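The values are calculated or read from the model by the stated rules, or taken from the named source; none is laboratory data. Predicted model only: the values in this text are computed from it and were never measured. FYI the Cβ positions are ideal-geometry reconstructions off the backbone, even for glycines, and counts take in every protein chain you see. Heavy atoms of the whole protein, side chains included, go into the accessibility calculation; ligands, DNA and RNA do not. Shrake-Rupley method; radii C 1.70, N 1.55, O 1.52, S 1.80 Å.
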Amino acid sequence: MKKTIISWDLGATKCAVGVVDYHEDSQQFFCRKQHSLKLTECQSLDDLVNQFEKNLDISMSDADAICIGAAGQYDGHCVQLQAGYPYPMVFGEISTARRWPSMAVVHDYVPVVCSTFTSYMNEPNNVKYLNSQKIPLHGRRVALGIGTGLGLKDGVMFSNGDFWLGQNEIGHIGIVTPPHAKSEERARHRELMRFLMSEKKLLPGETLTFEKILTGKGMVNLFQFVHNAHEHFSPEEIGQKIKNGESPETLDLFAWYLGLFVGTAQLIFMPESGIWMTGGVLLKHLEAVDRPAFSQGISASPAYSASREQLPLGVLCNDQHAFMGAAFYAVNRLIP
């Protein structure tokens with residue numbers, strides 16, 4: 001028997017939707033169609049739904065379940081996001097008016113961590129493995145996202161097929177001081193912190209967190225620090241400069257702090273089933289994880305290094321993991 005799940009991946013600026021078929025006999029998920037839109041291409045959530053239904057050639061109400069991974073917090077009526085959406089994300093109202101099937105709006109990294117419970121991980125084109133450690137099926141795992149914001153979610157699958165998800169807001173953790181680094185790395189770290197606090201990078205009352213250096217806007221901050229630049233650049237412009245090889249120093253600094261963040265997450269969670277990174281910024285600069293600065297950043301937190309070397313680590317590369325994970329969540333939590 002086949003079930004159809006419609007999976008949403010709703011970000012702050014863009015939304016992607018996939019139609020996923022779940023085959024109960026083989027327990028396999030297959031994304032047969034997908035489409036994405038910038039939120040500003042539509043006038044309202046109602047308009048956004050209409051556009052997706054037209055492009056995917058399916059009515060949301062015809063699915064067996066709908067799972068929406070969304071940036072922000074859902075209050076049962078509307079998704080609340082600090083940075084704001086261009087129009088209210090009133091899924092409670094829309095789902096009732098359009099007679100949608102069972103629906104859940106979940107944290108945007110719930111589908112990412114749920115995808116690691118599926119056969120998505122078995123396809124070599126979907127994952128860039130950074131070591132050869134075996135992934136225990138029932139161990140704790142962490143999904144880490146580097147994009148417009150910084151996201152993280154941990155989870156555990158149980159032997160009975162059920163699963164547990166943590167409640168994390170690690171993107172709001174302050175930038176840690178590297179406990180063990182070369183003298184030049186420590187000096188650079190102090191200078192960067194001074195730069196971020198003195199160059200009006202923080203709004204009144206805002207705190208200095210990892211999001212200031214490990215997101216699209218964070219990459220802009222790193223570029224300006226490296227080049228002592230005062231010109232205004234967009235994250236897209238900086239990203240292109242890095243892709244063109246114009247600032248390998250910025251990429252190395254990003255890689256080092258990404259490693260520091262990964263090492264911090266390893267120590268917090270000790271996830272025996274691995275840390276799985278993804279997100280638009282990271283996937284645009286995937287070469288960062290191959291640079292020596294990345295492993296040096298991880299080593300800047302040396303505690304339990306022997307144990308941490310046994311933890312799987314990789315990057316989710318294909319653009320369907322959020323669809324697969326949302327479908328997995330729907331099959332296990334929304335469909336009787």
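Can you name every residue in the range 268-280 that is of a type in the set (A, V, I, L, M) and either touching a His at 6+ places or on another chain (Cβ under 9 Å) or modelled with pLDDT of 95 or more (or both)? If the condition is that a residue be of a type in the set (A, V, I, L, M) and either touching a His at 6+ places or on another chain (Cβ under 9 Å) or modelled with pLDDT of 95 or more (or both), then MET270, ILE275, MET277 are the ones that fit. Applying the criterion of at least 1 residues that are crowded, with 21+ Cβ neighbours inside 10 Å and touching a helix residue (DSSP H, G or I) at 6+ places or on another chain (Cβ under 6 Å) to the helices (runs of 4 or more DSSP H) found wholly in the range 199-316 leaves 216-227, 235-243, 248-269, 280-284, 292-299.
Inclusion of VAL331 among residues that are touching a strand residue (DSSP E or B) at 6+ places or on another chain (Cβ under 7 Å), closer than 15 Å to VAL113 by Cβ and at pLDDT 95 or above is not warranted. Within the range 1-42, being under 17 Å from the mean Cα position of the chain (by Cα), open to solvent by 10 Å² or more (accessible area, probe 1.4 Å) and not charged (D, E, K, R) holds for GLY11, ALA12, THR13, ALA16, SER36. For the range 214-227, indicate whether the set of residues that are free of Cβ contacts under 8 Å to residues at least 24 places away in the same chain, on the phi < 0 side of the Ramachandran plot and β-branched (Val, Ile, Thr) is non-empty. Yes: the range 214-227 contains one or more residues that are free of Cβ contacts under 8 Å to residues at least 24 places away in the same chain, on the phi < 0 side of the Ramachandran plot and β-branched (Val, Ile, Thr).
Candidates are the residues of the range 165-195 that are more than 24 Å from the chain's Cα centre (by Cα) and open to solvent by less than 60 Å² (accessible area, probe 1.4 Å); the one that is farthest from ALA303 (Cα to Cα) is PHE195. On the basis of being crowded, with 21+ Cβ neighbours inside 10 Å and closer than 27 Å to THR278 by Cα, does THR116 make the cut? When the stated conditions are applied, THR116 passes them.
Among the residues of the range 64-81, those that are in contact with a helix residue (DSSP H, G or I) (Cβ under 9 Å, 6 or more places away or on another chain) and not aliphatic (A, V, I, L, M) comprise ASP64, CYS67, GLY69, TYR74, ASP75, GLY76, HIS77, CYS78.
When the range 126-158 is examined, which residues are found to be charged (D, E, K, R) and assigned to a loop (DSSP other than H, G, I, E, B)? The one that is charged (D, E, K, R) and assigned to a loop (DSSP other than H, G, I, E, B): LYS134. Report whether or not PRO235 is at pLDDT below 95, over 23 Å from the mean Cα position of the chain (by Cα), under 28 Å from SER7 (Cβ atoms) and not aromatic (Phe, Trp, Tyr). Here the answer is no, as PRO235 does not meet what is asked. ASP108 meets all of the listed conditions (1) farther than 26 Å from ILE170 by Cα; (2) open to solvent by 30 Å² or more (accessible area, probe 1.4 Å) but one, namely (1).
The residue list ASP162, ASP154 contains one member that is closer than 30 Å to HIS138 by Cα and surrounded by 11 or more Cβ atoms within 10 Å (Cβ to Cβ), which is ASP154.
The residues of the range 159-186 that are among the β-branched types (Val, Ile, Thr) and in a loop (DSSP other than H, G, I, E, B), listed by number, are ILE173, ILE175, VAL176, THR177.
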